[in-house]
1. Give me the extension gain from Lys519 to Tyr86: residue separation times 0.36 nm, minus the current Cα-Cα distance, reported in nm with one decimal.
2. Compute the convex hull volume of the Cα atoms of segment 415-494, divide it by the residue count, and report the result per residue in Å³ as a whole number.
3. What's the angle, to the nearest 10 degrees (0 to 90), between helix 704-713's Cα axis and the longest principal axis of the chain?
4. Please report, in debye to the nearest 20, how large the charge dipole of segment 656-710 is about its Cα centre when each Lys and Arg carries +1 at its beta carbon and each Asp and Glu carries -1 there.
5. What angle, in degrees between 0 and 90 and rounded to the nearest 10, separates the Cα long axis of helix 623-649 from the longest principal axis of the Cα atoms of the chain?
6. Largest first and in whole Å, give the semi-axes of the chain's equivalent ellipsoid, each being the square root of 5 times a Cα gyration tensor eigenvalue.
7. Please state, rounded to one decimal and in Å, the Kirkwood hydrodynamic radius that segment 62-206 gives when every pair of distinct Cα atoms enters the mean of 1/r.
8. State which entries of Lys679/Lys727; Lys632/Lys693; Lys187/Lys240; Lys265/Lys391; Lys683/Lys724; Lys250/Lys301 exceed 29 angstrom in Cα-Cα distance in the structure shown.
Amino acid sequence: MPAEILSSMATSSPTQLITSDDGKQCIDTQSKGLTAIPIDVFNASHVQCLFLSDNALTQIPAAIASLVNLEILALNQNALSSLSPYLFGLPKLQVLDVSENELVEIPRDIAGLKCLRQFYANRNQICDIPPEIGGLEKLEFLGLNENGIRDIPDEISKLSNLKILGLEQNRIEFLNPKVCEIEGLLKLGLCGNHMTNFPREIENLICLQGLYLDDNDFEFIPIQVYSFENLIELTMFHNKITEVQSDIGKLSRLRILLLNNNQIKTLPQEMFFLENLDTLSLEGNQISCLPASIAELYNLKELHLSHNDISVIPDELCMCSELDTLTVDHNKISELPLEIANLKKLNTLSMNDNKFERIPRAIGAVRGLEVLSLSGNKLVDLPEEFSQLEKIRHLDLSRNGMAEFPLPLTKLSQLEYLDLQENEISCLPDEFGQLVNLKEFKINKNKLDNFPEVMCALTNLEVLNMADNVIVDAPEEVSNMTGLRDLDLSNNKFEMFPTSVCAIPNLELLNFDQENGSKVRWLPEELGQSSICHLNVQNNEIGGLPQSIASMKNLQTLVAHHNNIISIPDSICEMRLQVLQLDDNQLSTLPADFDHMTGLNDLRLQNNPLKTPPMDICVSGVLQPIGRFLRKHLEREELLLQKMIDHIVNTIDKQELRQLWRKFRFEAEVIQELEQQYKGKDKLKERILASMKYWKEHNAEASCDLLIHIVRVLGMETLHSKLKAMKIYSQALRL
């Protein structure tokens, strides 16, 4: 098989010849972005395996015919719309995979591949199977799943060596009886068609071991199926079956039976005489009870009964001593049988969305349990015996009515995943610190009013969700949580951003969305010291981003929708951000070097009062036009500011210059130097020009708008009107 050979090969250059574990000479050029096959490949005439999967090939050249020793050719996941006729002259080809291309037909020349044993053309646009397919006398595997095939040619009956036939997700309404002449067929896949019945001849498939009929329109299990004495696996979920005939008992070798999502109400006694059955799935039906005879399924390992109307689990089920997995979600069960202690091998038990108000003490005897889910019940506590589940790793108790943290949980030292969301818990006990192996903890949507310090000692905790509580602060000890990668503190009652979380050494994702919580107005400078990669602070009242944000070397994603941010620090332009989302803020301008963030692939600036650049340029989220506008704007702004300065030089007098000095907050030494260097009435203009130049060079915020504002504040009405008119005129010219 190609997969087996691939797994044994090391990474190689596009045309390097390597040897697989079974001695075959191979060339592996998978996932190289190739649009054409490298020419030197065709010089390796002794190559036996050629892997060209996951590229962008659109055609196969005639030179392929030179690979006369080729046995395996993988062309799946490319862009081929047709297959070269030279392909079908390869005398030794045994495996051909052209799945996931754009093929609309299988060429009739395929009959030339006399040695072909496996042919896969899944997920294409093929509508017809050519009659010549019957010429592939050695074919054992034929995969034509997910195409548009309606009919199967009679010639398919000539494939006497065929073992596996995949025709799933096509448009077949009735199976050609000629398929039934392939008596050695082992597996037949017909899922996702429009079938309602089988031809009588199908009973000739006496060797059939696997029959897959999911997603069809069967109203019953075809009677012919019960003649398959060697059948091991039968799947028919998502049909319209209302009952299972008693003939099901004839399938004595059946191991897997999947009848999910039908309309079955009752089960025949004969189903429970299938002594080899190890997996039975009846989810999504209308079953209200299980018969006592279920105890006869003593080899049963998996039983799935979710989404039915079952109110009682019979005691007899507990006699299925090999049971490993039991799922009964979304039923009406309120109690477990005491005999559940007999299920010594039970590993996974899921009972979500039932009516449990308590768990029997006997649960503690199921010592092998590793996964237990009881979400969506009415539990208020747990029995002390619960602490005996020493192997449990995954526990879901969400959506119950617990007002206190169940103490028996603190003794489950192997617990790695704990979900307690949507309860009424207000605090954690000191014993919580015993859960030293906990990796993921969900306590969101409870009533915690503080960040429990006892959690800070859990160095293996990686994911912590504390959203939707009433937490007001986080302790300094959170810095001890060296394993924490993902922290959610959304929708709480923080009075200010919890600076302490910035010291969590390996934190990668911080969610601080306060849509339904208390909104903070600023972010601390300490963020610059954090290791955060993804920061979500949307739905707050943040007025600006800290200058230290540029020090967040790992930051890739910043989401800050729905805040009051009025400006972005210039330093952000040197960051390696990939996502920047700032919708619904108060931004009016962007930094001059905004387009330096070349790695940015998701930029959102909707609903901001942007002027520089205007929203019609920013709305696309594309950096190049934003950058062009900003550069031109800076040039225009610089030119306009210089014109304003020139006008001031020729307009104001000595007294007005002194007013400007005071507003510019010039130090006495600077004023003294200006007066001495440009002393006298005849050098007044030079003194004014030097003063304006000094202001411009020593004030990072110097701009036309600031100068207009200063002049207005000083009451220089005529000058203010002139400068304002100059700006309006400049904007008119730009438009």
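1. On the way: separation 433, 0.36 × 433 = 155.88 nm, distance 6.86 nm.
Roughly 149.0 nm would be gained on extension.
2. On the way: hull volume 5.9 nm³, N = 80.
Spread over its residues, the Cα hull of segment 415-494 gives 74 Å³ apiece.
3. Roughly 50 degrees, rounded to the nearest 10.
4. On the way: 11 positive and 10 negative charges, 47 e Å.
Charge dipole, segment 656-710, about its Cα centre: 220 debye, nearest 20.
5. For 623-649 against the chain, the angle is about 10 degrees.
6. Numbers: eigenvalues 914, 356, 97 Å².
Semi-axes, largest first: 68, 42, 22 Å.
7. 15.4
8. Working: Lys679/Lys727 32 Å; Lys632/Lys693 22 Å; Lys187/Lys240 23 Å; Lys265/Lys391 36 Å; Lys683/Lys724 27 Å; Lys250/Lys301 21 Å.
Listed pairs above 29 Å: Lys679/Lys727; Lys265/Lys391.
The values are calculated or read from the model by the stated rules, or taken from the named source; none is laboratory data. Computed from a prediction, not measured in an experiment: that's the story for all the values here. For neighbour counting, all protein chains shown are included, and Cβ atoms are generated from backbone atoms with ideal geometry for every residue, glycine included. Note: accessible area is taken over every heavy atom of the protein model, side chains too, but ligands, DNA and RNA are not part of it. Shrake-Rupley method; radii C 1.70, N 1.55, O 1.52, S 1.80 Å.
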